[in-house]
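One structure is given below, encoded as structure tokens.
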Amino acid sequence: MKKNIKLKLNAVILVCIAIITFGCDLKPQEKFEFDPATTPQVTFGAMTPWEWIQTNPKNEFNFLIEAIKLTDLQEEYSNTTDKRTYFLLKDFGWRNFNGIKRREFGNPNISLADVDPVKLRKILLYYIVPTYVDQGPGHLLTLDANYTFETLSTDPLNQIMTLSRDWNYTIGINNSPVLPATKFSANVKLHNYIFSNGNSVAHLLENHVRLAPFE
């Protein structure tokens, strides 16, 4: 019995010596780096989304600028009092295969000056949610859960969108499997552009989103 106890004690001592000898050579676990695409972007103080869009960062918002002017939505994009979430679509999302020009107006090369301004207005308003929604966990509390939000669009088939977030806090739009087959879904490219002294937040998109073709 005493021999077994002695053997066990020797084994414990050997393990301790090994830890002391080799433990200092162990590398610390690599620090997790949060995806820069999902970190908070710049807070723009009192600047409104419309003021920022007109600066046309990287020359990627030409169609959005033109569409806002054609639909007289400058005031809505200049809102400083109401909570808003704006999904700002880059030029690529207007002209690509599933872009607004082709899918909603039938021609990827059509001039926005030649489209129905009422329909164009409905499309732009679909990209505005009258609630402040960042990456969570506020409104997007549960991982990969789809939450329904009303939009400002008056189009009867496009009055809501679903928002979700993945493990990396990337916001996904219209990923819910219960939405119609005509939906277009997309992930946000860049998050959390904060405007109007915190009343508005914008997220940048590169692809068109909808539930059904706009009327």
With θ set to phi - 60°, apply the Karplus curve 6.51 cos²θ - 1.76 cosθ + 1.60 along the stretch 59-71 and write out the HN-Hα couplings as whole Hz, x wherever there is a Gly or Pro. 6, 10, 10, 4, 5, 5, 4, 5, 5, 4, 5, 5, 9
What is the spin-label model distance, in nm, from residue 119 to residue 82 if the labels are put 7 Å beyond Cα along the C-beta direction? 2.5
Post the alpha-carbon centroid distance, the stretch 95-115 to the stretch 54-70, in whole angstrom. 16
Please work out how much accessible surface residue 47 shows to a 1.4 Å probe, ignoring ligands, DNA and RNA, in Å² rounded to 10. 60
Considering only protein heavy atoms, with the full assembly of protein chains and a 1.4 angstrom probe, order 188, 42 by accessible area, largest first. 42, 188
Give me the net charge for the shell around residue 57: Cβ to Cβ below 14 angstrom, other residues only, Lys and Arg +1, Asp and Glu -1. -1
How much length is gained on full extension from residue 51 to residue 157, taking 0.36 nm per residue of separation minus their Cα-Cα distance? 35.1 nm
Residue 190 long-range amide H proximity, modeled H, under 5 Å: 204
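Grab the beta carbon distance between residue 96 and residue 75, set R0 = 25 Å, and tell me the FRET efficiency rounded to 0.05.
Between residue 96 and residue 75 the formula returns 0.30.
Mind checking the per residue accessible area of the stretch 48-108 for me, 1.4 Å probe, whole number of Å²?
Working: 2810 Å² over 61 residues.
Ligands and nucleic acids excluded, the figure is 46 Å² per residue.
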Built amide H within the under 5 Å cut-off of residue 184, gap 5+: 210, 211
Give the calculated FRET efficiency between residue 178 and residue 139 to the nearest 0.05, with a Förster radius of 30 Å applied to their Cβ-Cβ distance. 0.95
Between residue 147 and residue 212, what is 0.36 nm times their sequence separation minus the Cα-Cα distance? Round to one decimal in nm. 21.6 nm
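The values are calculated or read from the model by the stated rules, or taken from the named source; none is laboratory data. It should be emphasised that the depicted structure is a prediction, and the values quoted were computed from it without experimental measurement. We place every Cβ from the backbone using ideal geometry, glycine too, and count neighbours over all the protein chains shown. Accessible surface areas use protein heavy atoms only, side chains included; no ligands, DNA or RNA. Shrake-Rupley method; radii C 1.70, N 1.55, O 1.52, S 1.80 Å.
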